[in-house]
Amino acid sequence: MNSSPDFVPEIAVIGHPNEGKSSVLSTLAEDDSVRISSFPGETTVCRGYPVRIDGREVLRFTDTPGFQHPSRLLSLLSRGEGLSEQRLHDLLAQVGADPELREDYELLQPVARGAGLIFVADGSRPLRSVDTMEMEVLRLLNRPRMAVLNCKGENTRHLESWRDELNKHFNLVRLFNAHQASYRERIELLRALGAIDQGWQGVISEVVRAFETDWAMRLQEVATHIIEMLRTTLTHSITISWKPPASEESVKNKLFTRFTTDIGDLERETQEKIRALFKHNIFNYRLPPHSILREELFSTRTWQLLGLGRRQLATVGGLGGAAAGAVFDVAALGHSLGAFTALGGAIGGISGWLTPERLPRAALLGMEISATKMQMGPVRDISLLFVLLNRALLFTRHTSNWAHGRRDYPTAEDASPQTSDSTATSSFSTSQLRICRDYFTALQKDDPGKLHTTEQAMHNLMFTELSAITMDSGGNNG
Ligand SMILES: Nc1nc2c(ncn2[C@@H]2O[C@H](COP(=O)(O)OP(=O)(O)OP(=O)(O)O)[C@@H](O)[C@H]2O)c(=O)[nH]1
Ligand SMILES: [Mg+2]
């Protein structure tokens, strides 16, 4: 193995056609430009996928076509003893001269360059003799290698026979699912790669460290984006002049539409930034059908599920401070927004779950009306902070857990009912709620000194939450 400081380890993903080689590579390299197809033979030439951190290439994965004639390769390799570089060179020349072996020749190129190998097999189907031949070819090629069982189906009956056979040809065998692997599982597989060859340990450890640092930086950036969105939204206000003959109702509607559109646009921009941080650039997956994120930001269901629950609302209210008077304004949502008839059922329906005595309160969105002007914002109700926070955290969970190799859309069958229990803030402790309350109060008072310290505390809280939701062992259904 090359020990120069500029050395970039190359790992080729290799195996039978249609087993999920390109999918495994796509997930490992977080690259959604890798071509994947349900038809065997999609990959016909080798292609390198550099993994860059801070602009520096730290690792290179190579996608390869599937074996076409492993039995012929095996018979060529089995002749003679040992595999010197000269013999490998001669063997490649022989394979290259035969047009029938074009793809086999192609897949041997990274082997000739000394790449480490990940053999990918679908452990949900029965083992066949051709699989054993492919394993034997790799064993005879004698390169650092490991095997990955990527189960395309649910069937686990064949796993044991796969493991037994793989163990005969590989020192390392791991389960890794190209569709479901989380960040943690990717890191674990990379770490395992360090063990495939003595010389690889140091360089792979460095790569793993770079991956971990990069992930933490991403979470810091996500936290910054979320806080920027909160700050802008919670201090946002718009004023429109108003004079007869325009009716108060029509001006209110206009104001409300503009205000909520601004906030919705900002939320979408923030989501795009988060998506880009997790390198989902091309494949634009849809959110699962049951996801609360498919709901409008200002809809009854969103506020019911993602706002503060009654108990937490009472806790925040009990903390006192400037926000305390306003926190119960969530109860006024149906009432104050119900006035905006243009929204029809979307907001109006919320009054259904409110008790009459809680209804009449100051306008949720900080509505001011004078003889000539109407102003909406800054928001007076802390509930919006929690709704936005929960939506941002849910979005980050979806995006960060979505394996790059997975290209199918979630279906209705994946659906499970979403309850407020699954929101991040439902498990917030009183001290975490206090951090949110303090931040909200500082924003309302426009106090730069307080804002700085409370925003820092909020940032730390976000980072902790983001670490928890992106480091769990996967799951794409959020
Ligand atoms: N359900 C499920 N399907 C998978 C998984 N991995 C791959 N697939 C599907 O299997 C098919 C083949 O995947 P590819 O990654 O293109 O396989 P390949 O080995 O690169 O195929 P060739 O390039 O043709 O040799 C695609 O339809 C994938 O979506 C998995 O973990 N789960
Ligand atoms: Mg492929």
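Residue by residue through region 120-133, note down the ones that are surrounded by fewer than 22 Cβ atoms within 10 Å (Cβ to Cβ) and either in contact with a strand residue (DSSP E or B) (Cβ under 7 Å, 6 or more places away or on another chain) or closer than 22 Å to R406 by Cβ (or both).
D122, S124, R125
Scanning region 58-84 for residues that are assigned to a helix (DSSP H, G or I) and either near ligand 1 (Cβ under 10 Å from one of its atoms) or of a type outside the set (S, T, N, Q) (or both) gives P70, R72, L73, L74, L76, L77.
Do you know which of the residues in region 128-140 that are touching a residue at least 60 places away in the same chain (Cβ under 8 Å) and away from ligand 2 (no atom under 16 Å from the Cβ) is nearest to P50 (Cα to Cα)?
Top of the filtered list is L138.
Are any residues in region 91-102 over 16 Å from G114 (Cα atoms) and either surrounded by fewer than 10 Cβ atoms within 10 Å (Cβ to Cβ) or more than 43 Å from the chain's Cα centre (by Cα) (or both), and if so, which ones? Within region 91-102, A93, Q94, A97, D98, P99 qualify. Look at region 104-127: where a residue is part of a helix (DSSP H, G or I) and a partner is not hydrophobic (A, V, I, L, M, F, W, C), sitting 6+ places away or on another chain with Cβ atoms under 6 Å, you get D104/Q68; D104/H69; Y105/G96; E106/P65; L107/T64; L107/P65; P110/T62; V111/R143. Do we find a residue being within 7 Å of ligand 1 (Cβ to nearest atom), hydroxyl-bearing (S, T, Y) and in contact with a Pro (Cβ under 6 Å, 6 or more places away or on another chain) anywhere in region 37-47? Yes, region 37-47 has at least one match. Here N177 clears all of (1) buried (at least 20 other Cβ atoms within 10 Å of the Cβ); (2) part of a helix (DSSP H, G or I) except the condition numbered (2). Taking every residue in region 196-215 that is among the aromatic types (F, W, Y) and pairing it with any residue that is part of a helix (DSSP H, G or I) and surrounded by 13 or more Cβ atoms within 10 Å (Cβ to Cβ), at least 6 positions away or on another chain, the pairs with Cβ-Cβ distances below 8 Å are W200/L193; W200/G194; F211/R186; F211/I187; F211/L190; W215/Y183; W215/T470.
Within region 6-23, the set of residues being polar (S, T, N, Q) and either more than 9 Å from ligand 2 (Cβ to nearest atom) or in a helix (DSSP H, G or I) (or both) comprises S22, S23. Do we have any residue at all in region 52-70 that's surrounded by fewer than 20 Cβ atoms within 10 Å (Cβ to Cβ), within 18 Å of L141 (Cα to Cα) and either in the same structural domain as D131 (by TED's automatic domain parsing) or in contact with a Gly (Cβ under 6 Å, 6 or more places away or on another chain) (or both)? Yes, the conditions are met somewhere in region 52-70.
Under the condition of being within 11 Å of ligand 1 (Cβ to nearest atom) and either under 19 Å from R174 (Cα atoms) or basic (K, R) (or both), the residues counted in region 21-36 number 8. T224 passes every criterion in (1) surrounded by fewer than 16 Cβ atoms within 10 Å (Cβ to Cβ); (2) among the β-branched types (V, I, T); (3) farther than 20 Å from L461 by Cβ apart from (3). In region 29-57, the residues that are outside any loop (DSSP other than H, G, I, E, B) reach residues that are within 9 Å of ligand 2 (Cβ to nearest atom) with C-beta atoms within less than 7 angstrom, at least six apart or across chains, in these pairs: R47/D63; Y49/L25; Y49/V34; Y49/D63.
Close contacts from region 259-281, counting a first residue that is in contact (Cβ under 8 Å) with a residue 40 or more places away in the chain and farther than 13 Å from T396 by Cα and a second that is surrounded by fewer than 18 Cβ atoms within 10 Å (Cβ to Cβ) and aliphatic (A, V, I, L, M), with Cβ to Cβ under 8 Å and a gap of 6+ residues or different chains, come to F259/I238. Can you spot a residue in region 282-294 that is more than 30 Å from V51 (Cβ to Cβ) and without any contact (Cβ under 8 Å) to a residue 12 or more places away in the chain? Checked region 282-294: at least one residue is more than 30 Å from V51 (Cβ to Cβ) and without any contact (Cβ under 8 Å) to a residue 12 or more places away in the chain. State yes or no: is S26 within 13 Å of ligand 2 (Cβ to nearest atom), in contact with a Gly (Cβ under 6 Å, 6 or more places away or on another chain) and either within 30 Å of R406 (Cβ to Cβ) or part of a helix (DSSP H, G or I) (or both)? Yes: the conditions hold for S26. Somewhere in region 288-307, is a residue in contact with a helix residue (DSSP H, G or I) (Cβ under 8 Å, 6 or more places away or on another chain), closer than 30 Å to K373 by Cβ and among the small types (G, A, S)? Within region 288-307 (the criterion being in contact with a helix residue (DSSP H, G or I) (Cβ under 8 Å, 6 or more places away or on another chain), closer than 30 Å to K373 by Cβ and among the small types (G, A, S)), the answer is yes, since at least one residue qualifies. On the given criteria, is G321 modelled with pLDDT under 85 and on the phi > 0 side of the Ramachandran plot? Yes: the conditions hold for G321. Candidates are the residues of region 38-70 that are more than 10 Å from ligand 2 (Cβ to nearest atom) and of a type in the set (V, I, T); the one that is modelled with the lowest pLDDT is I53.
Which number in (1) small (G, A, S); (2) surrounded by fewer than 19 Cβ atoms within 10 Å (Cβ to Cβ); (3) modelled with pLDDT of 90 or more marks the one condition that S182 misses? Of everything listed in (1) small (G, A, S); (2) surrounded by fewer than 19 Cβ atoms within 10 Å (Cβ to Cβ); (3) modelled with pLDDT of 90 or more, S182 misses just condition (2).
Is it fair to say L193 is touching a strand residue (DSSP E or B) at 6+ places or on another chain (Cβ under 8 Å), within 16 Å of ligand 1 (Cβ to nearest atom) and among the aliphatic types (A, V, I, L, M)?
No; evaluated as a whole, the condition is false for this residue.
The values are calculated or read from the model by the stated rules, or taken from the named source; none is laboratory data. What you are looking at is a predicted structure, and each value in this text was computed from that prediction instead of being measured. Methodologically, a virtual Cβ is constructed for each residue, glycine included, from the backbone with ideal geometry; neighbour enumeration extends over all protein chains shown.
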